[in-house]
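A short reminder: the numbers here are calculations on the coordinates, not readings from a lab. These figures come from a predicted structure and were not determined experimentally. FYI the Cβ positions are ideal-geometry reconstructions off the backbone, even for glycines, and counts take in every protein chain you see.
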Amino acid sequence: MALEGIRVLDFGRYVAGPYCAMLLADFGADVIRVERPDGGEDRAIAPVTDAGEGAVFLQGNRNKRSLALDPRGEAGQAVLRRLVATADVVVVNVPDSALAKMGLDYVSLAAIKPDIILVNTSSFGSEGPWADRPGFDSVAQAMCGSAFLSGPGDVPYRTPIAWADNATAVYAAFGTMVALFERSRTGRGQQVTGSLLASALAFSATYLIEQAVREPDRQAIGNRSCIGGPTDTFRVLDGWVVMQIVGQTIFMRWAKLMDEPEWLEDPRFATDELRGDNGAILSERMARWCAERTSSEVLDALAAANIPAGPVLSPRQALAHPQVQATGMFVPTQVPGNEAPVPLISPGVALSATPGTIRTAPPRAGEHSREILAEIGFGDGEVDALIAGGLVSEAG
């Protein structure tokens, strides 16, 4: 596999750090999840298995091994140093100020392994007055303008989909690959830094740049778009559909479908921005057309006109949709302690020659402690002593 021979130590929790390391594992890296002896606090979020493990943990920790270690104190630090000496990448997601306390700051790591790559994702980054504050995905959504611009306008809406967290993981994995490529050329390690806020700001660039230059002070307008139209969700006889129109050529095809040729000469709809400003008129016309048709009728007609559209699906409906099924992204995976397989979701990118794969289930806490410690030179008696002293645990 593409990353075979690369060892990653994953100290991440929740989403950004673990998901970054998971992407590396999917493409062949040996990823060791280092967690406290009684297991990480992120194992039970949205529990789905008979043993109580959650969807967040299961999705973000497949293809990894688990070392359950308490790195505090000299004995724990001694184990950590020997582990770092074998690693290529260390993944963490904490404020930069906490790294030194954990013995995971770049200076300390590089003293052990000069070409090490440290990947740290935090809530707000390494600089600024909020650098040490905690934060989660919802905070990043709120601080980039996304929540303010979502919803009907009276109450800001956050999405339950943790897009800022996952975007940070993908950015961090990308940064890791760039750092590995640079190391292959120069032999140098380096620190890769990302944050939820930075990812959210990057994803919100359109409206932030527009505000900085033109100061339009955009407000929430429901599911319509400020910069094009008609873009909206529309009720049909058997549910809802969404349509997005950007650009004159797609608008021309839509006007023809609606039998509104005069709108192509109407100054209210001459540009994307004007169509956004007058989107309520366009949405009203589309809503009347949709209200008389089923989802299939609407979507088939829009597809025939080459207009981007799709159904609004619940999670249950998304799982069953034929196009979703055709992607092959759902991989039934047998998870220890659960009778039925769990459908884990493959990486969102496919490589023709070296694809990512789901090979092993997420590990039990300490499942691989003994074998990992043996790999870095600990004998059975030493491992037994570490377990007896509570510094290490192993799954039964």
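If you plug each phi of region 264-279 into the Karplus form 6.51 cos²θ - 1.76 cosθ + 1.60 with θ = phi - 60°, what whole-Hz ³J(HN,Hα) values come out, in order, with x for Gly and Pro?
Along region 264-279, the couplings run 6, 10, 6, x, 5, 10, 6, 9, 4, 4, 5, 5, x, 4, 10, x Hz.
Could you identify which residue out of Thr360, Thr121, Thr193 has the top mean-square fluctuation in a GNM of the chain using Cα springs shorter than 10 Å?
Top of the fluctuation ranking is Thr360.
Using 1/(1 + (r/R0)^6) with R0 = 22 angstrom and r between the beta carbons of Met1 and Ala85, what's the FRET efficiency to the nearest 0.05?
Numbers: r = 24 Å, r/R0 = 1.07.
Taking R0 as 22 Å, the efficiency between Met1 and Ala85 is 0.40.
Would you please name the GluC sites (Glu not before Pro) within region 29-111 that are DSSP coil residues with at most 14 other C-beta atoms within 10 Å of their C-beta? Could the numbers behind the result be given before it?
Details: sites: Glu35, Glu41, Glu53, Glu74; in loops: Glu41, Glu53.
Listed in order of number, the matching sites are Glu41.
Within region 307-346, what residues put their amide N at less than 11 Å from the label point 7 Å along the Cα-to-Cβ vector of Asp38?
In region 307-346, the label zone of Asp38 (backbone N under 11 Å from the point 7 Å along Cα→Cβ) covers no residue.
How long are the three semi-axes of the equivalent ellipsoid for region 153-288, computed from the Cα gyration tensor as the root of 5 times each eigenvalue, in whole Å, largest first?
Details: eigenvalues 312, 60, 52 Å².
Listed largest to smallest, the semi-axes of region 153-288 are 39, 17, 16 Å.
On average over all directions, what projected area in square nanometres does region 264-326 have, based on the convex hull of its Cα atoms? Mind dumping the intermediate values first?
Values: hull surface 23.2 nm².
Computed as one quarter of the Cα hull surface, the answer is 5.8 nm².
I'd like the per residue volume of the convex hull spanned by the Cα atoms of region 1-79, given in cubic angstrom.
84 Å³
In what sequence do Lys64, Lys256, Lys101 fall when counting other Cβ within 10 Å, fewest first? All intermediate terms of the calculation are to be shown ahead of the outcome.
Values: Lys64 25, Lys256 13, Lys101 10.
Ranked by crowding around the Cβ, least crowded first: Lys101, Lys256, Lys64.
Based solely on its DSSP helices, what 222 nm [θ] is calculated for the chain when runs of n ≥ 4 H residues each add -39,500 (n - 2.57) and the sum is averaged over all residues, nearest 500 deg cm²/dmol?
Values: 18 runs with 162 residues, N = 396.
Taken over the chain, the calculation gives -11500 deg cm²/dmol.
Whole percent per 5 Å bin, from 0 to the bin with the longest distance: what is P(r) over all C-alpha pairs of region 91-185?
Once binned at 5 Å, the Cα pair distances of region 91-185 give 2, 12, 17, 19, 18, 12, 8, 5, 3, 2, 1.
Grab the eigenvalues of the alpha-carbon gyration tensor for the chain, scale each by 5, take roots, and send me the semi-axes largest first in whole angstrom. If you can, show how the numbers build up before the last one.
Values: eigenvalues 445, 116, 65 Å².
Each semi-axis is the square root of five times an eigenvalue, giving 47, 24, 18 Å.
Rank Ala173, Asn223, Met143 by how far each Cα sits towards the positive end of the charge dipole of the chain (+1 on Lys, Arg Cβ; -1 on Asp, Glu Cβ) and give me just the farthest.
Ala173
With r defined as the distance between the Cβ atoms of Ala287 and Ala55 and R0 fixed at 41 Å, what FRET efficiency is calculated, to the nearest 0.05?
The pair Ala287/Ala55 has a calculated efficiency of 0.70.
Would you mind putting 340-347, 181-188 in packing order, based on average other-beta-carbon counts within 10 Å, highest first? All intermediate terms of the calculation are to be shown ahead of the outcome.
Working: 340-347: 15.6, 181-188: 10.9.
Top to bottom by mean Cβ count within 10 Å: 340-347, 181-188.
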